């Protein structure tokens with residue numbers, strides 16, 4: 001799936017975020033987002049997909065996407081605070097699946113830019129790498145047939 005098609009599946013994308021919000025978050029956390037994900041955040045400030053797109057190879061669907069929003073289920077900072085303690089320090093959650101598992105992005109070291117799937121029922125297991133970049137993750141997504 002191309003990024004335009006992915007964006008078309010996302011409801012409740014507004015309000016847009018600003019570069020200042022993204023930069024402030026990066027600065028307080030001590031990292032810089034990978035450029036492809038940062039561009040995505042500039043176009044989509046969180047939203048709802050409801051499990052309509054999946055990476056079937058890794059059984060990872062997309063439900064909510066984090067952004068800089070006040071609603072808990074769309075808040076990237078809130079997700080970082082609530083489940084961050086279960087994750088390695090070099091990744092943060094950017095979305096969830098319909099079952100409460102997290103889709104994460106690497107922010108440091110060898111994990112940088114890679115996408116990981118974290119199963120909340122195996123909270124202390126290492127997250128599984130599912131793509132080498134946010135762009136590749138989106139390209140692996142397919143529409144769930146009803």
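Each value in this text was obtained by applying a stated rule to the coordinates, not by laboratory testing. Being a predicted model, the structure only gives us computed values, none of them experimental. Cβ sites come from the backbone with ideal geometry, for glycine too, and all protein chains shown count toward neighbours.
Numbers below:
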| read-out | value |
| --- | --- |
| Pairwise FRET efficiency - residue 16 versus residue 73, Cβ, R0 = 22 Å, nearest 0.05 | 0.75 |
| Separation in nanometres of the label points that stand 7 Å from Cα toward Cβ, at residue 38 and residue 142 | 3.4 nm |
| Relative contact order (%) - criterion: Cα under 8 Å, at least six apart; region: the chain | 22 percent |
| Three-way shape label, segment 76-131, alpha-carbon gyration tensor, a/c 1.5 | rounded |
| Distribution of pairwise C-alpha distances over segment 19-100, 5 Å bins, in % | 3, 14, 24, 27, 21, 9, 2, 0 |
| Separation between Cα centres of segment 80-142 and segment 13-75, rounded to whole Å | 12 Å |
| Most mobile of 135, 18, 28 in a GNM of the chain (Cα contacts under 10 Å) | 28 |
| Kirkwood-based shape ratio for segment 3-143, expressed as Rg/Rh from alpha carbons | 0.92 |
| Label-point separation in nm, residue 29 to residue 3, each point 7 Å along Cα→Cβ | 1.8 nm |
